[in-house]
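J.: First the structure, which I've put down as structure tokens, then a few questions once you've had a look.
The values are calculated or read from the model by the stated rules, or taken from the named source; none is laboratory data. Since this is a predicted model, take the numbers as computed values, not measurements. Don't worry about glycine lacking a Cβ; one is built from the backbone with ideal geometry, like all the others, and counts go over all protein chains shown.
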Amino acid sequence: MTPARPRGIHPPSTYLAFERPLAAIDGEIAALAGRRATGRTAERLRRLRAAQRRLARDLVRGLSPWERVQLARHPDRPSTLDYVRRLCTQFVELHGDRRFADDGAVVGGLARFAGRAVVVVGHQRGRTQAERIARNFGMARPEGYRKAVRLFELAARFGRPVLTFVDTQGAYPGIGAEERGQAEAIAASLAALAGLGVPVVCAVIGEGGSGGALALAVADRVLMQEHAWYSVIAPEGCASILFRRLTPETAARSAALLHLTAEDLAAAKVVDEVVREPGGGAHRDPAHAAARLGRALERHLEELARRPVRTLVARRDARYRRFGTDLPPA
């Protein structure tokens, strides 16, 4: 039996380039944790774990915007269903858009969160390669957004607050998706959220790319995890348009120009709160990351629940009409 890791630390299955200094210390801790506990071993483990936490914090402290994008795409990063399972009880997933099909890139259903009956909706990327393919890597088709609209309407009918989780590079741009009305489906989701007569709290938990992300992000409060990104376009797409070629250098330059980090967006008042992640990122301590996100969601939801419906909708409308009028100087 593998010994339980303290503090919920989970060494990743994959190390990004800037994470590699952690690989050696993670391996040493794993080797020592498998031995019979002695005074000397316990002390060595304590010191190693303290060093591990310091190194993990230091490695992410000075990340560039492009490295933040890579961290947001980490294959071990918690996804919507990971957070729903940790934060919610009595979750019942609902499927299908009642028109064409079910889209695994968008998941949602009924649940209880912090004692409240809620509706949860979010992008789901998948963990294994087979699951990622089945969920189209979190890039929703029209039926995914129409399923979301069905859930939003259900929330309004029964007076349930909505929690959304954003994690997508963007809506799927395939021919079939366009033929089935991708733009209309995204627009319908935007309109449904804009006028929804219940509190809506959104959390950007990984990637937030273009209209595919915004379709689930029109909310009274938008939270963003520390190492997530949120932008009108992914850095690669920006590089292809602005620089006419996609290379690691142009992608990194585009990431900096887009101002897509949580700190940038908080300064621009696009997001209401940056939710700090455990040292090294959410993928290294999913339980701690979920606890921090859950506290933030609960705090905002509690405040919004006290407001009349008319006030909620009016303030939501004013929030999005204000964008672009009070941005900091470039």
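J.: Hey, can you tell me all the residues within region 74-101 that are farther than 15 Å from F165 by Cα and surrounded by fewer than 15 Cβ atoms within 10 Å (Cβ to Cβ)?
T.: Residues satisfying the conditions are T89, Q90, V92, H95, G96, R98, R99, F100.
J.: In this structure, is T247 in the same structural domain as G115 (by TED's automatic domain parsing), in contact (Cβ under 8 Å) with a residue 40 or more places away in the chain and polar (S, T, N, Q)?
T.: Here the answer is no, as T247 does not meet what is asked.
J.: Something else now. Taking into account only those residues within region 224-253 that are surrounded by 23 or more Cβ atoms within 10 Å (Cβ to Cβ) and not in a loop (DSSP other than H, G, I, E, B), which is farthest from the chain's Cα centre (by Cα)?
T.: Filtering first and then ranking leaves A239.
J.: Name the residue that is nearest to the chain's Cα centre (by Cα), counting only residues in region 304-321 that are more than 16 Å from L193 (Cα to Cα) and free of Cβ contacts under 8 Å to residues at least 40 places away in the same chain.
T.: Only one residue tops the list, namely R306.
J.: Something else now. Would you mind finding the one in E143, E93 that is more than 25 Å from R221 (Cα to Cα) and at pLDDT 95 or above?
T.: E143
J.: Please pick out the residue among A191, A239, A187, A262 that is touching a residue at least 24 places away in the same chain (Cβ under 8 Å) and not acidic (D, E).
T.: It is A262.
J.: Just the residues that are outside any helix (DSSP H, G or I) and either at positive phi or surrounded by fewer than 20 Cβ atoms within 10 Å (Cβ to Cβ) (or both), please, taken from region 284-305.
T.: Result: A305, single match.
J.: Specify which of the listed residues (A194, A187, A252) is among the aliphatic types (A, V, I, L, M) and within 26 Å of R284 (Cβ to Cβ).
T.: None of the other options fit; the residue is A252.
J.: Among the residues of region 303-322, is there at least one that is among the hydrophobic types (A, V, I, L, M, F, W, C) and within 28 Å of V69 (Cα to Cα)?
T.: Checked region 303-322: no residue is among the hydrophobic types (A, V, I, L, M, F, W, C) and within 28 Å of V69 (Cα to Cα).
J.: Among the residues of region 105-131, write down those that are modelled with pLDDT under 95, under 19 Å from the mean Cα position of the chain (by Cα) and not basic (K, R).
T.: Of everything in region 105-131, those that are modelled with pLDDT under 95, under 19 Å from the mean Cα position of the chain (by Cα) and not basic (K, R) turn out to be G126, T128, E131.
J.: Restricting attention to region 56-67, does a residue exist that is in contact with an Asp or Glu (Cβ under 9 Å, 6 or more places away or on another chain), surrounded by fewer than 17 Cβ atoms within 10 Å (Cβ to Cβ) and among the polar types (S, T, N, Q)?
T.: The answer is no; no qualifying residue exists.
J.: If you don't mind, there's one more thing I want to ask. Scan region 185-223 residue by residue and report those that are of a type outside the set (D, E), under 24 Å from R299 (Cα atoms) and assigned to a strand (DSSP E or B).
T.: V200, V201, C202, A203, V204, I205, G206, G208, R221, V222, L223
J.: What residue, of G138, G126, is surrounded by 16 or more Cβ atoms within 10 Å (Cβ to Cβ), within 20 Å of I233 (Cβ to Cβ) and in the same structural domain as L260 (by TED's automatic domain parsing)?
T.: When all the criteria are applied, what remains is G138.
J.: Please verify whether A148 is part of a helix (DSSP H, G or I), among the small types (G, A, S), over 21 Å from the mean Cα position of the chain (by Cα) and closer than 24 Å to R319 by Cβ, treating the condition exactly as stated.
T.: no
J.: Test of understanding: among H74, H95, which residue is farther than 21 Å from Q169 by Cβ, assigned by TED's automatic domain parsing to the domain that holds Q225 and in a loop (DSSP other than H, G, I, E, B)?
T.: Sole residue among the options that is farther than 21 Å from Q169 by Cβ, assigned by TED's automatic domain parsing to the domain that holds Q225 and in a loop (DSSP other than H, G, I, E, B): H95.
J.: Oh, and also: Among the listed residues E226, E236, E273, E249, which satisfies the condition of being under 17 Å from R61 (Cα atoms) and among the acidic types (D, E)?
T.: Going through E226, E236, E273, E249 in turn, just one is under 17 Å from R61 (Cα atoms) and among the acidic types (D, E): E226.
J.: With the structure loaded, tell me whether E153 is assigned to a helix (DSSP H, G or I) and surrounded by fewer than 16 Cβ atoms within 10 Å (Cβ to Cβ) or whether it fails that test.
T.: yes
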